[in-house]
1. In segment 35-42, is there at least one residue being part of a strand (DSSP E or B), within 10 Å of the chain's Cα centre (by Cα) and away from the ligand (no atom under 16 Å from the Cβ)?
2. Of the residues that make up segment 24-32, is at least one within 12 Å of the ligand (Cβ to nearest atom) and at pLDDT below 90?
3. Given the condition exposed (fewer than 12 other Cβ atoms within 10 Å of the Cβ) and in contact (Cβ under 8 Å) with a residue 24 or more places away in the chain, answer yes or no: does some residue in segment 60-69 qualify?
Ligand SMILES: [Zn+2]
């Protein structure tokens, strides 16, 4: 087994480093191009430079909040 260290050097273009709604950094990928913010409980996805923000409704449906970009 080789130990592979991933070191972050600078920002990757196109990567979302923080939540577009609350600017929290408690975001993580839940799927490819889909991220979730643990602080304000929204999902957002990145598509070719455009950012889509979704909110979960009471019924568990995703509702589009806003588009950025
Ligand atoms: Zn947030």
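1. Taking every residue of segment 35-42 in turn, none turns out to be part of a strand (DSSP E or B), within 10 Å of the chain's Cα centre (by Cα) and away from the ligand (no atom under 16 Å from the Cβ).
2. There is no residue in segment 24-32 that is within 12 Å of the ligand (Cβ to nearest atom) and at pLDDT below 90.
3. Looking for residues that are exposed (fewer than 12 other Cβ atoms within 10 Å of the Cβ) and in contact (Cβ under 8 Å) with a residue 24 or more places away in the chain, one finds none in segment 60-69, hence no.
The values are calculated or read from the model by the stated rules, or taken from the named source; none is laboratory data. Computed from a predicted structure; not experimentally measured. A quick note on method: Cβ atoms are made from the backbone with ideal geometry, for glycine too, and the neighbour counts reach across all protein chains shown.
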